[in-house]
Amino acid sequence: MFSNLPPITKALLIANGLVFVLQQLLGEATFYPFALWPPGSDGIYGDASGFLPWQVLTYGFMHGSWAHLFFNMLALLMFGAPLEHVWGNKRFLNYYLVCIVGAALCQMLVGIWTMSQGGLPYPTVGASGGVFGLLLAYGMLFPNQRVMLLIPPIPMKARTLVIVYGVIELLLGVSGRQPGVAHFAHLGGMLFGWLMIRYWRGQPPFGGGRKPPGPRRIH
(Lines give C-alpha, C1' and ligand atoms only; values in the text may rest on other atoms or scores of the structure.)
Protein backbone atom coordinates (compact mmCIF):
# COMPACT_ATOMS: atom_id res chain seq x y z
CA MET A 1 0.00 0.00 0.00
CA PHE A 2 2.83 2.38 0.84
CA SER A 3 4.29 2.07 -2.67
CA ASN A 4 0.97 3.19 -4.17
CA LEU A 5 0.68 6.37 -2.11
CA PRO A 6 0.68 9.70 -3.97
CA PRO A 7 4.17 11.27 -3.92
CA ILE A 8 3.65 14.25 -1.60
CA THR A 9 1.84 12.24 1.05
CA LYS A 10 4.59 9.62 0.90
CA ALA A 11 7.32 12.26 1.11
CA LEU A 12 5.69 13.88 4.15
CA LEU A 13 5.40 10.53 5.92
CA ILE A 14 9.06 9.75 5.25
CA ALA A 15 10.24 13.24 6.25
CA ASN A 16 8.37 13.18 9.56
CA GLY A 17 9.65 9.70 10.33
CA LEU A 18 13.27 10.55 9.55
CA VAL A 19 13.21 13.75 11.60
CA PHE A 20 11.81 11.86 14.58
CA VAL A 21 14.55 9.24 14.32
CA LEU A 22 17.14 12.02 14.26
CA GLN A 23 15.53 13.56 17.33
CA GLN A 24 16.03 10.29 19.18
CA LEU A 25 19.60 9.83 17.98
CA LEU A 26 20.87 13.38 18.43
CA GLY A 27 18.80 14.45 21.42
CA GLU A 28 15.91 16.90 21.77
CA ALA A 29 18.20 19.83 22.64
CA THR A 30 19.78 19.65 19.18
CA PHE A 31 16.41 20.45 17.62
CA TYR A 32 15.27 23.24 19.96
CA PRO A 33 16.13 25.91 17.32
CA PHE A 34 13.67 24.18 14.96
CA ALA A 35 10.76 23.93 17.38
CA LEU A 36 8.25 26.79 17.42
CA TRP A 37 9.00 29.37 20.12
CA PRO A 38 6.82 32.44 20.68
CA PRO A 39 8.39 35.82 19.86
CA GLY A 40 9.94 37.38 22.94
CA SER A 41 11.17 34.12 24.43
CA ASP A 42 14.80 34.70 23.44
CA GLY A 43 17.28 33.61 26.07
CA ILE A 44 14.75 32.61 28.72
CA TYR A 45 16.08 29.04 28.67
CA GLY A 46 19.52 29.97 27.44
CA ASP A 47 20.63 29.94 23.83
CA ALA A 48 18.26 27.06 22.99
CA SER A 49 15.11 29.20 23.18
CA GLY A 50 13.95 32.01 20.93
CA PHE A 51 11.87 32.52 17.83
CA LEU A 52 13.46 32.09 14.40
CA PRO A 53 11.57 32.58 11.12
CA TRP A 54 12.00 29.05 9.78
CA GLN A 55 10.32 27.59 12.85
CA VAL A 56 6.86 28.25 11.39
CA LEU A 57 7.57 25.31 9.05
CA THR A 58 10.19 23.15 10.76
CA TYR A 59 8.15 22.60 13.94
CA GLY A 60 5.59 20.74 11.82
CA PHE A 61 8.07 17.94 11.07
CA MET A 62 9.02 17.25 14.71
CA HIS A 63 7.16 15.18 17.30
CA GLY A 64 7.33 14.69 21.02
CA SER A 65 6.74 10.94 21.23
CA TRP A 66 6.14 7.80 19.19
CA ALA A 67 2.40 8.02 19.88
CA HIS A 68 2.36 11.67 18.78
CA LEU A 69 4.06 10.70 15.53
CA PHE A 70 1.93 7.60 14.94
CA PHE A 71 -1.48 9.26 15.25
CA ASN A 72 -0.47 12.28 13.18
CA MET A 73 0.95 10.11 10.41
CA LEU A 74 -2.08 7.82 10.49
CA ALA A 75 -4.34 10.84 9.97
CA LEU A 76 -2.03 12.13 7.21
CA LEU A 77 -2.32 8.75 5.50
CA MET A 78 -6.10 8.53 5.89
CA PHE A 79 -7.02 12.06 4.84
CA GLY A 80 -4.00 13.29 2.89
CA ALA A 81 -3.85 10.61 0.21
CA PRO A 82 -7.48 11.05 -0.99
CA LEU A 83 -7.08 14.83 -1.05
CA GLU A 84 -3.86 14.63 -3.05
CA HIS A 85 -5.57 12.36 -5.58
CA VAL A 86 -8.32 14.98 -6.01
CA TRP A 87 -6.24 18.16 -5.87
CA GLY A 88 -2.98 17.03 -7.41
CA ASN A 89 0.51 17.26 -5.95
CA LYS A 90 1.15 21.00 -6.04
CA ARG A 91 -2.18 22.15 -4.67
CA PHE A 92 -2.12 19.53 -1.93
CA LEU A 93 1.37 20.54 -0.80
CA ASN A 94 0.47 24.24 -0.84
CA TYR A 95 -2.62 23.55 1.24
CA TYR A 96 -0.75 21.44 3.81
CA LEU A 97 2.03 23.98 4.27
CA VAL A 98 -0.46 26.86 4.59
CA CYS A 99 -2.19 24.93 7.38
CA ILE A 100 1.16 24.30 9.11
CA VAL A 101 2.07 28.01 8.95
CA GLY A 102 -1.43 29.13 9.93
CA ALA A 103 -1.36 26.85 12.96
CA ALA A 104 2.04 28.29 13.90
CA LEU A 105 0.75 31.87 13.72
CA CYS A 106 -2.18 31.07 16.00
CA GLN A 107 0.06 29.23 18.45
CA MET A 108 2.49 32.16 18.50
CA LEU A 109 -0.35 34.48 19.49
CA VAL A 110 -1.26 32.11 22.31
CA GLY A 111 2.38 32.05 23.43
CA ILE A 112 2.61 35.84 23.42
CA TRP A 113 -0.60 36.10 25.44
CA THR A 114 0.66 33.46 27.90
CA MET A 115 3.86 35.43 28.50
CA SER A 116 1.90 38.67 28.92
CA GLN A 117 0.00 36.97 31.75
CA GLY A 118 3.23 36.00 33.50
CA GLY A 119 3.44 32.47 32.10
CA LEU A 120 6.61 30.87 30.77
CA PRO A 121 7.09 30.26 27.05
CA TYR A 122 7.27 26.71 25.74
CA PRO A 123 8.19 25.15 22.40
CA THR A 124 5.58 23.60 20.13
CA VAL A 125 6.19 20.64 17.82
CA GLY A 126 4.03 18.38 15.67
CA ALA A 127 2.21 18.08 12.36
CA SER A 128 -1.18 18.36 14.05
CA GLY A 129 -1.94 21.79 12.59
CA GLY A 130 -1.51 20.45 9.07
CA VAL A 131 -3.39 17.26 9.93
CA PHE A 132 -6.37 19.16 11.31
CA GLY A 133 -6.39 21.22 8.13
CA LEU A 134 -6.53 17.99 6.13
CA LEU A 135 -9.35 16.74 8.32
CA LEU A 136 -11.35 19.88 7.63
CA ALA A 137 -10.72 19.63 3.87
CA TYR A 138 -11.74 15.96 3.85
CA GLY A 139 -14.98 16.85 5.62
CA MET A 140 -15.69 19.61 3.09
CA LEU A 141 -14.89 17.55 0.00
CA PHE A 142 -16.32 14.23 1.20
CA PRO A 143 -18.93 15.26 3.80
CA ASN A 144 -20.95 12.04 3.63
CA GLN A 145 -18.00 9.64 3.56
CA ARG A 146 -18.14 7.42 6.66
CA VAL A 147 -14.97 7.20 8.72
CA MET A 148 -14.14 5.07 11.76
CA LEU A 149 -12.58 6.51 14.86
CA LEU A 150 -9.90 4.51 16.63
CA ILE A 151 -10.73 5.70 20.14
CA PRO A 152 -13.62 5.12 20.56
CA PRO A 153 -14.33 2.90 17.50
CA ILE A 154 -17.43 4.75 16.33
CA PRO A 155 -18.33 5.23 12.63
CA MET A 156 -19.58 8.66 11.60
CA LYS A 157 -19.79 10.93 8.58
CA ALA A 158 -16.70 12.99 7.81
CA ARG A 159 -18.64 16.24 8.21
CA THR A 160 -19.77 15.18 11.69
CA LEU A 161 -16.21 14.20 12.61
CA VAL A 162 -14.92 17.66 11.67
CA ILE A 163 -17.60 19.39 13.75
CA VAL A 164 -17.02 17.13 16.76
CA TYR A 165 -13.25 17.58 16.70
CA GLY A 166 -13.56 21.33 16.17
CA VAL A 167 -15.89 21.74 19.15
CA ILE A 168 -13.72 19.52 21.38
CA GLU A 169 -10.56 21.44 20.49
CA LEU A 170 -12.27 24.77 21.18
CA LEU A 171 -13.61 23.63 24.56
CA LEU A 172 -10.28 22.13 25.62
CA GLY A 173 -8.39 25.20 24.46
CA VAL A 174 -10.61 27.65 26.29
CA SER A 175 -10.90 25.58 29.48
CA GLY A 176 -7.23 24.60 29.65
CA ARG A 177 -8.19 21.10 30.83
CA GLN A 178 -5.60 19.36 28.66
CA PRO A 179 -2.31 21.25 29.15
CA GLY A 180 0.62 20.33 26.98
CA VAL A 181 -1.50 20.14 23.82
CA ALA A 182 -1.62 23.06 21.36
CA HIS A 183 -5.38 23.13 20.85
CA PHE A 184 -5.38 26.58 19.28
CA ALA A 185 -2.74 25.45 16.79
CA HIS A 186 -5.14 22.67 15.75
CA LEU A 187 -7.92 25.21 15.35
CA GLY A 188 -5.53 27.49 13.46
CA GLY A 189 -4.80 24.71 10.98
CA MET A 190 -8.52 24.24 10.41
CA LEU A 191 -9.13 27.99 10.10
CA PHE A 192 -6.41 28.57 7.54
CA GLY A 193 -7.44 25.44 5.65
CA TRP A 194 -11.00 26.74 5.48
CA LEU A 195 -9.78 30.13 4.27
CA MET A 196 -7.59 28.46 1.63
CA ILE A 197 -10.51 26.48 0.24
CA ARG A 198 -12.70 29.58 0.26
CA TYR A 199 -9.96 31.42 -1.63
CA TRP A 200 -9.74 28.71 -4.28
CA ARG A 201 -13.52 28.75 -4.68
CA GLY A 202 -13.69 32.54 -4.92
CA GLN A 203 -16.01 32.69 -1.93
CA PRO A 204 -16.21 35.42 0.74
CA PRO A 205 -14.09 36.97 2.13
CA PHE A 206 -12.08 36.56 -1.10
CA GLY A 207 -14.85 37.06 -3.65
CA GLY A 208 -18.54 36.96 -4.29
CA GLY A 209 -18.73 33.24 -4.88
CA ARG A 210 -19.77 31.45 -8.02
CA LYS A 211 -22.35 33.28 -10.06
CA PRO A 212 -25.55 31.36 -10.70
CA PRO A 213 -26.14 30.30 -14.31
CA GLY A 214 -28.17 32.70 -16.40
CA PRO A 215 -31.66 31.93 -17.64
CA ARG A 216 -31.95 29.46 -20.48
CA ARG A 217 -33.41 30.62 -23.73
CA ILE A 218 -36.46 28.84 -25.03
CA HIS A 219 -36.52 28.51 -28.78
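The values are calculated or read from the model by the stated rules, or taken from the named source; none is laboratory data. This is a predicted model, so every value here is computed, not measured. Cβ atoms come from the backbone with ideal geometry, glycine included; neighbour counts cover every protein chain shown.
One table, with the values for the structure above:
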item: Considering residues of region 188-219 that are assigned to a loop (DSSP other than H, G, I, E, B) and modelled with pLDDT of 70 or more only, the residue surrounded by the fewest Cβ atoms within 10 Å (Cβ to Cβ); result: Pro205
item: Residues that are in contact with a Leu (Cβ under 8 Å, 6 or more places away or on another chain) and either over 17 Å from Leu74 (Cβ atoms) or among the charged types (D, E, K, R) (or both), drawn from region 115-131; result: Pro123, Thr124, Val125
item: Filter pass, Gly126 being assigned to a helix (DSSP H, G or I), touching a helix residue (DSSP H, G or I) at 6+ places or on another chain (Cβ under 9 Å), under 24 Å from Ile100 (Cβ atoms) and at pLDDT below 95; result: no
item: Candidate set: region 42-57, residues that are crowded, with 19+ Cβ neighbours inside 10 Å and part of a helix (DSSP H, G or I); chosen: the one nearest to the chain's Cα centre (by Cα); result: Val56
item: Hey, Tyr138 buried (at least 21 other Cβ atoms within 10 Å of the Cβ) and either aromatic (Phe, Trp, Tyr) or at pLDDT 95 or above (or both) or not; result: yes
item: Residue check, Phe31 closer than 26 Å to Trp194 by Cβ and modelled with pLDDT under 95; result: no
item: Subset of region 83-96 (residues that are of a type outside the set (Ser, Thr, Tyr), touching a helix residue (DSSP H, G or I) at 6+ places or on another chain (Cβ under 7 Å) and in contact (Cβ under 8 Å) with a residue 60 or more places away in the chain); result: Glu84, Asn89, Phe92, Leu93
item: Test: Leu83 is among the aliphatic types (A, V, I, L, M), within 24 Å of Glu169 (Cβ to Cβ) and not in a strand (DSSP E or B); result: yes
item: Test: Tyr165 is of a type in the set (Ser, Thr, Tyr) and at pLDDT 90 or above; result: no
item: Sole residue being assigned to a helix (DSSP H, G or I) and more than 19 Å from Ala104 (Cα to Cα), chosen from Leu77, Leu12, Leu69; result: Leu77
item: Meets criteria (modelled with pLDDT of 95 or more and either more than 22 Å from Val147 (Cβ to Cβ) or assigned to a helix (DSSP H, G or I) (or both)) for Val110; result: no
item: Count of residues meeting criterion [among the small types (Gly, Ala, Ser) and in a helix (DSSP H, G or I)] in region 86-100; result: 0
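Yes/no matrix, rows are residues, columns are (1) more than 21 Å from Val164 (Cα to Cα); (2) touching a residue at least 12 places away in the same chain (Cβ under 8 Å):
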| position | (1), (2) |
| --- | --- |
| Val98 | yes, yes |
| Trp113 | yes, no |
| Gly119 | yes, no |
| Ala127 | no, yes |
| Val131 | no, yes |
